[in-house]
Amino acid sequence: MAKDLTSLFKAAALGLVFALSVQVSFSTPLLASPAAVVIDGKTGKVLYQKNMNHRHYPASLTKMMTLYLLFEAIDRGEITLKSKFKVSARAAGQPSSKLGLRKGKRIRVSDAILALVVKSANDVATVVAEGLAGSEVAFAKKMTAKAKALGMKRTSFRNASGLPNRGQLSTARDMAVLARSLYLDFPRYYKFFAASSFKYGGKTYRGHNKFVRSYDGADGLKTGYIRASKFNLAASAKRDGRRLFAVVFGASSPDRRDRQMANLLDGSFLEIAKTRIASITPPPEPAGYSGGLPLPPPKKPVINTAGAPWAIQVGAFSRSEAAYAAVKTSLKHVPGIVARAAALIVPIEEGDGDLYRARFVGLSWRAAQRACRILTRKRLDCEVVQHFFDSEAVAYAN
């Protein structure tokens, strides 16, 4: 019995020390882009920013506002997804990127949406502007007015496409506000922003937004480029129930832009997970117990955390320090998935010495499988296991 209690106390002490001392640094590298921001999807709180209120050319991120007004018109019943807009000579004459629409032809609204998201078609942006407001100038005024109404305080529009214009300016913060507003105000249409290709006129068009296809949890929004702006990106991603919106302005290349965006989102998801894990507290001590550690749990095994009996084991080590290091390393790669899990170091007797299992406990089967797939791709150890309370381990709930 004394031996069992010693093992239990050791597990509790290790678990508590780890829970209160996990410190994984969020060190975003110095960005080459002049501006960036990450905001929380639920609250709008800024989680990271660099020059977020500096004005820049938004380029084709402008089309997010064009789409906002288009979705608004659909919701008001003025048009439907099956409605068609006529192509003017001015629209047909817009420079690339474009669909190559011909004067006098018509394009369905649903096709126009996909052309703006995937192809970033400038001719289609003008068609939409003229179809909704009569002229692109009038539409740009509506865009600017809507921006002010949404709280985009430093944004002004002069056209619907983002083509170069000295008066067409916005900020990283304002574009993040717009991205979040699209998600909150038009959930029915938000799925369009995840599209990577579409068919029109017998051709298949593929998009420029590789980030939405490559980043785990990403589901939108839009890329942008003109020579004066360099490479811009507005993105959203969701992990373990938390959604973030982020904007990068002015990266030197598409690959660098995508890497910077991944760094920003990874760092922000990691901060969220670190905060949750660091806030884990042990259960209250029963009256009359003064040992400073929890009493043993019931001898009959009980599944850890209601409805989430699964865990991932990220290694077993002869030294507790190595087990801590394994958990910290794993946390960097799956912060969102394990955000609600409890980190636990479980000592067991193995031959002539102790062995320390490093685990995240309290996961669903699906979450555990997903985490191990990611960690395995990173060439890290991971095994899905069913975790029980027993005489050797105590898990702390968030």
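Worth a mention:
- Approximating the spin labels as points 7 Å out from Cα along Cα→Cβ, the residue 355-to-residue 86 distance works out to 7.8 nm.
- Taking only the alpha carbons of the stretch 35-251, we obtain Rg and Dmax values of 16.0, 48 Å in that order.
- Unit charges on C-beta of K, R, D, E only; dipole of the stretch 35-251, Debye: 340 debye
- Taking a Cβ cut-off of under 15 Å around residue 93, the surrounding Lys, Arg, Asp and Glu residues balance to a net charge of +3, with basic ones at +1 and acidic ones at -1.
- Total formal charge among the other residues, if their Cβ is under 12 angstrom from that of residue 83, Lys/Arg +1 and Asp/Glu -1: +3
- Taking a Cβ cut-off of under 15 Å around residue 187, the surrounding Lys, Arg, Asp and Glu residues balance to a net charge of +2, with basic ones at +1 and acidic ones at -1.
The numbers here are math on the coordinates, done by the rules we state, and not lab data. Keep in mind it's a predicted model, so treat the numbers as computed, not measured. Glycine gets a Cβ as well: all are built from the backbone with ideal geometry, and neighbour counts include every protein chain shown.
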